[in-house]
Amino acid sequence: MTPRTRKDARRAEIVRAALEAIAERGYRGASLASVAERVGLTQQGLLHYFPTKDDLLVAVLAERDQWDSAPGSGWRADLLTALVEYNVMRPGVVQTFSALLGESVTEDHPARPYFTLRYTRVRAEMARSLRGEYGERLPSGLTPEQAAPLLVAVMDGLQYQWLLDPEAVDMAEAFRAFLTLLGTEPRTGS
């Protein structure tokens, strides 16, 4: 294993540990020392890989986005449904994302710029995909630009409801119902 490969593997291990710590305690409650302890480093050793807690947070968020991306496929309804179903199998990741999203609405939170840019990008990508799949109007009559923020809001809102009461909220079923309201049926169903 090359030194670069070892460093990349160690960074990935640290990011996974940070994700777990944030899921358990939130960003503000997760300390660098606790993340370092999880991977057998000192806090100084961890700072060699991530100079600040904010750098580590951005790496966690970028890693989470990598897990959810499907290169070249866009945001088709069937893939969004599959993503919702996949999220049910990884509550810790969903909890981390939701906790960070909730915390990031404060002015001084280090993830605020990340989430602001992320949502701008996701809405634009969804609108572009919807336009490619349905043209200028969805079957419901909405434009892709009108439907895109609704899709994002429903996906994120369902995550919060599911985290709070997983027995009462079936995320995948509720999302499929929303697609029916939009007039966009997923290409494949479960």
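Adding -39500 (n - 2.57) for every DSSP H run of four residues or longer, then dividing by how many residues the chain holds, sets the calculated 222 nm ellipticity at -24000 deg cm²/dmol.
Dividing the Cα radius of gyration of the range 1-107 by 2.2 N^0.38 Å, with N the residue count, gives 1.17. Scanning the chain for GluC sites (Glu not before Pro) in DSSP loops with at most 16 neighbouring Cβ atoms within 10 Å leaves 1-106 as the longest stretch between them. Mark the label point 7 Å from the Cα of His48 along Cα→Cβ and return the residues of the range 1-21 whose backbone N is within less than 11 Å of it. Within reach of a label on His48: 7. Based on alpha-carbon atoms, the Kirkwood radius and the radius of gyration of the range 100-190 give Rg/Rh equal to 1.02.
Evaluate the Kirkwood expression for the hydrodynamic radius of the range 38-158, namely the inverse of the mean inverse distance over all pairs of different C-alpha atoms, and round to one decimal in Å.
Final number for the Kirkwood radius of the range 38-158 is 16.2 Å.
Distance from the Cα centroid of the range 6-63 to that of the range 142-163 is 30 Å (rounded to whole angstrom). Taking the C-alpha atoms only, the angle from helix 171-182 to the longest principal axis of the chain is near 40 degrees.
The stretch between Ala12 and Thr180 holds 56.6 nm of extra length on full extension. This uses 0.36 nm per residue minus the Cα-Cα distance. The C-alpha atoms of the chain define a longest principal axis, and helix 3-29 lies at about 70 degrees to it.
With all protein chains in place and a 1.4 Å probe, the accessible surface of the range 33-185 carries 59 percent carbon and sulfur. As I understand it, the value is the acute angle between the Cα axis of helix 77-88 and the longest principal axis of the Cα atoms of the chain; what does it come to in degrees, rounded to 10? Value to nearest ten degrees: 40.
The values are calculated or read from the model by the stated rules, or taken from the named source; none is laboratory data. All of these numbers come straight from a predicted model, not from anything done at the bench. Neighbour counts are summed over all protein chains in view; Cβ atoms, including those assigned to glycine, are modelled from backbone coordinates with ideal geometry. Note: areas computed on protein heavy atoms with side chains; ligands, DNA, RNA excluded. Shrake-Rupley method; radii C 1.70, N 1.55, O 1.52, S 1.80 Å.
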